[in-house]
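The structure appears right after this line, and notes come after that.
Any read-out appearing in this document is the output of simple, stated calculations on the displayed coordinates, not a laboratory observation. Since the model is a prediction, treat every value here as computed from it, not as a measurement. Every residue, glycine among them, receives a Cβ derived from its backbone with ideal geometry; neighbour counts consider all protein chains shown.
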Amino acid sequence: MTIAYWCVLIAGLMPLLTTAIAKVGLRGYDNAEPRAFMDKQTGFHRRADYAHRNHFEAFPFFAVAVLIATQLGANPLYINYLAMAFIAARVLYTALYLANIPTARSLAWIAGYGCVIALFVIAA
């Protein structure tokens with residue numbers, strides 16, 4: 001399995017990490033209505049939940065980009081580099097989200113999105 005495919009797995013697991021961070025230390029967690037419960041949270045826990053949701057939003061575009069670039073025969077080295085850069089950008093994005101640094105967080109988001117666009121470009 002290529003590094004890029006491992007990155008797809010990591011990207012798929014990132015929402016689980018951020019949801020765990022969002023819920024750690026909270027009392028009265030309601031598993032019957034987890035979204036309603038999380039919507040009532042503030043601060044760090046709320047930001048972790050938002051990061052969790054954003055990881056789910058980013059995942060399909062990234063995974064499809066890796067698959068398309070691979071299927072169309074793009075240079076595997078470039079695919080791997082871009083996939084690793086995407087993961088690095090998403091980790092940084094999460095850290096900046098949790099630390100409540102919104103401008104830098106947005107820049108990390110743009111970097112990750114740029115990696116996905118680049119995957120499509122190298123496949124063209």
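Taking the three principal axes of the alpha carbon atoms in the chain, the coordinate ranges are 50, 31, 18 Å, sorted in descending order.
The long axis of helix 76-98 is offset from the longest Cα principal axis of the chain by roughly 20 degrees.
Summing +1 for each Lys or Arg and -1 for each Asp or Glu, what net charge is found among the other residues whose Cβ lies under 14 Å from the Cβ of ASP39?
On the way: positive: LYS23, ARG35, LYS40, ARG46, ARG47, ARG53; negative: ASP30, GLU33, ASP49.
Here the charged neighbours net out to +3.
Here the Karplus curve 6.51 cos²θ - 1.76 cosθ + 1.60, taken at θ = phi - 60°, turns the phi angles of region 100-111 into couplings of 6, 10, x, 5, 5, 4, 4, 5, 5, 4, 4, 4 Hz, with x standing for Gly and Pro. Dividing the helix sum by the residues of the chain, where each DSSP H run of 4 or more adds -39500 (n - 2.57), gives a mean residue ellipticity at 222 nm of -28000 deg cm²/dmol. Counting only the backbone N, which residues of region 53-74 are under 14 Å from the spot 7 Å out from the Cα of ARG35 toward its beta-carbon? Residues 53-54, 56-57 fall inside that zone. Put simply, when 77-89, 50-62, 34-46 are sorted by average Cβ atoms within 10 angstrom per residue, most first, you get 77-89, 50-62, 34-46.
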